[in-house]
Amino acid sequence: MLVPFDPKAPTSESQPSGATRRTAIGLILGAPLLGACGGMQQGLSQFSSSSQAQGPSGPPQQPLVAGNGQVKVGLVLPLSGSGNAGVAALSMKNSAEMALAEFQNPNVQLLIKDDGGNPQGAQQGTQLALDEGAEIILGPLFALSVPATAQLTRTRGVSVIAFSTDSSIAGRGVYLLSFLPESDVNRIVEYSASIGKRSFAALLPDNAYGNVVEAAFKQAVGRKGGRVVAFEKYGADRAAPARSVASSLGTADALLLADDGDSVVAAADALTGAGANLRNIQLLGTGLWDNPRVFASPALQGGLFAAPDPAGFRAFSSRYRAKYGGEPVRTATLAYDSVALVAALARTQGPTRFSSDVLTNPSGFAGIDGLFRFRADGTNERGLAVMRVGSGGGVPVAGSPKSFGA
């Protein structure tokens, strides 16, 4: 049974002790998106096989419990992971607990397990959570840890909502709630086609992220009846690939540059150095462009990229700061949305609440970062805005969709 959407529902500001609109309504099956949602800077690190935390981990943290509901949910994070892994895990744990606090009377108990940032820890944490009655597992964060968790959950028929950006580990009960580059590429190509762009060029990094973007880009251009007139990848040396692309830009309407902030600026500079006039072509990017280096680059001004609208993450960050006294990591919204989702499903979907049919409902769900839905293959699709690069930051030029098409 779907909970109907009431557009006059009170906001979280007017009802601070209850659920926010997103948790109370937006994450119920079939409900429309409630407002624009957060700006994104994806990390490339989760794509590589070296994405596990490097260096020694800290001492394992003792299992924690949050909430006292009847529906038990495992949350597996690298809380004792080294470096940024532990920092991200703490922020995600805080956000998960914040979601419980903001959801009115959630019937959920979080079983929080530390995986130490490695597959062995993920397997141990998952086993503990399953033995304690977890009906679904949220996490792990790292790509190499997810199969270790899935090995156990598949034998129990338990679904996993993981946070890795590596699409190759999705499927067979593993769903990725993360910022996948495929969604970025699909959105920016579709928007470009809608404003008359038909001939596309691309200059991409020769790495795992670039491989994923390449496949999505060529498929998206083909779906829109466009053509790829120039395509190159670069490693440490960008000069030769940039010269090759620059020589073909006269026949292109749009140029995709998909890399992180520092590298995409270097790629644009290499193209300029090769004689390309980037003001004569529409530059396109992914969510990695949501970066101060990009906004400060003269060569990238006016470029378009796909990302969640920043408003949702700003509002989330404000609440996080008020509660914890610090800034959340960008992936913190994934933990928040996953907990809000399972709380909503626990309330509305009965015994089949975490089944594949429920999780892959084509209407999707709405969260901090906007509309999303899980595909049958375990990947996700997000409803993204289109942003224009300006010296002061990203400016929305096309809003996030209010619903998914058929």
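The values are calculated or read from the model by the stated rules, or taken from the named source; none is laboratory data. Owing to the predicted nature of the structure, the values given are computational and were not obtained by experimental measurement. Positions of Cβ are generated from backbone atoms using ideal geometry, with glycine treated the same way; all protein chains shown enter the neighbour counts. For accessibility, only protein heavy atoms count, side chains too; no ligands or nucleic acids. Shrake-Rupley method; radii C 1.70, N 1.55, O 1.52, S 1.80 Å.
Annotations
- Of all residues in region 322-355, those being among the polar types (S, T, N, Q), crowded, with 19+ Cβ neighbours inside 10 Å and part of a helix (DSSP H, G or I) number 2.
- In region 152-186, the qualifying residues are those that are touching a Phe, Trp or Tyr at 6+ places or on another chain (Cβ under 9 Å) and of a type in the set (D, E, K, R), and the one that is modelled with the lowest pLDDT is Asp166.
- Test result for Asp253, of a type in the set (D, E, K, R), in contact with a Pro (Cβ under 9 Å, 6 or more places away or on another chain) and either modelled with pLDDT under 95 or buried (at least 16 other Cβ atoms within 10 Å of the Cβ) (or both): no
- Any hit, region 157-167, residues being over 21 Å from the mean Cα position of the chain (by Cα) and open to solvent by 10 Å² or more (accessible area, probe 1.4 Å): yes
- Of the residues making up region 358-381, those that are under 11 Å from the mean Cα position of the chain (by Cα) and on the phi > 0 side of the Ramachandran plot number 1.
- Residue within region 328-337 that is of a type in the set (Lys, Arg) and at pLDDT 95 or above present: no
- Within region 128-172, the set of residues being part of a helix (DSSP H, G or I), hydroxyl-bearing (Ser, Thr, Tyr) and within 15 Å of Gly74 (Cα to Cα) comprises Ser145, Thr149, Thr153.
- Filter result for the condition that a residue is over 30 Å from Ala276 (Cα atoms) and touching a Gly at 6+ places or on another chain (Cβ under 8 Å), over Ser338, Ser363: Ser363
Here's the yes/no breakdown for (1) under 29 Å from Ser263 (Cα atoms); (2) without any contact (Cβ under 8 Å) to a residue 24 or more places away in the chain; (3) open to solvent by 10 Å² or more (accessible area, probe 1.4 Å); (4) more than 15 Å from the chain's Cα centre (by Cα):
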position: Phe295; (1), (2), (3), (4): yes, no, yes, yes
position: Ala307; (1), (2), (3), (4): yes, no, no, no
position: Pro310; (1), (2), (3), (4): yes, no, yes, no
position: Arg314; (1), (2), (3), (4): yes, no, yes, yes
position: Arg319; (1), (2), (3), (4): no, no, yes, yes
position: Gly383; (1), (2), (3), (4): yes, no, no, no
position: Val389; (1), (2), (3), (4): yes, no, no, yes
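- Selected residue (criterion: nearest to Tyr234 (Cα to Cα)) from residues of region 264-289 that are open to solvent by 40 Å² or more (accessible area, probe 1.4 Å) and of a type outside the set (Ser, Thr, Tyr): Asp269
- Being crowded, with 21+ Cβ neighbours inside 10 Å and closer than 20 Å to Ala270 by Cα is a condition met by at least one residue of region 223-240.
- Conditions (1) within 16 Å of Gly81 (Cα to Cα); (2) under 14 Å from the mean Cα position of the chain (by Cα): number failed by Phe179: (1)
- Of all residues in region 68-90, those that are in a strand (DSSP E or B) and surrounded by 20 or more Cβ atoms within 10 Å (Cβ to Cβ) total 6.
- Figure legend. Inter-residue proximity from region 394-406: first residues β-branched (Val, Ile, Thr), second residues open to solvent by 60 Å² or more (accessible area, probe 1.4 Å), beta-carbon distance below 6 Å, spacing 6+ or different chains. Indicated pairs: Val395/Arg388; Val397/Arg388.
- For region 356-370, a residue qualifies if it is outside any helix (DSSP H, G or I) and surrounded by fewer than 21 Cβ atoms within 10 Å (Cβ to Cβ), and the qualifying residues are Thr360, Asn361, Pro362, Ser363.
- Exactly one residue out of Lys113, Lys93 is under 25 Å from Leu345 (Cα atoms), in contact with a Ser or Thr (Cβ under 8 Å, 6 or more places away or on another chain), among the basic types (Lys, Arg) and open to solvent by less than 40 Å² (accessible area, probe 1.4 Å): that is Lys113.
- Only one entry in Leu90, Leu144 is of a type in the set (A, V, I, L, M, F, W, C) and without any contact (Cβ under 8 Å) to a residue 24 or more places away in the chain, namely Leu90.
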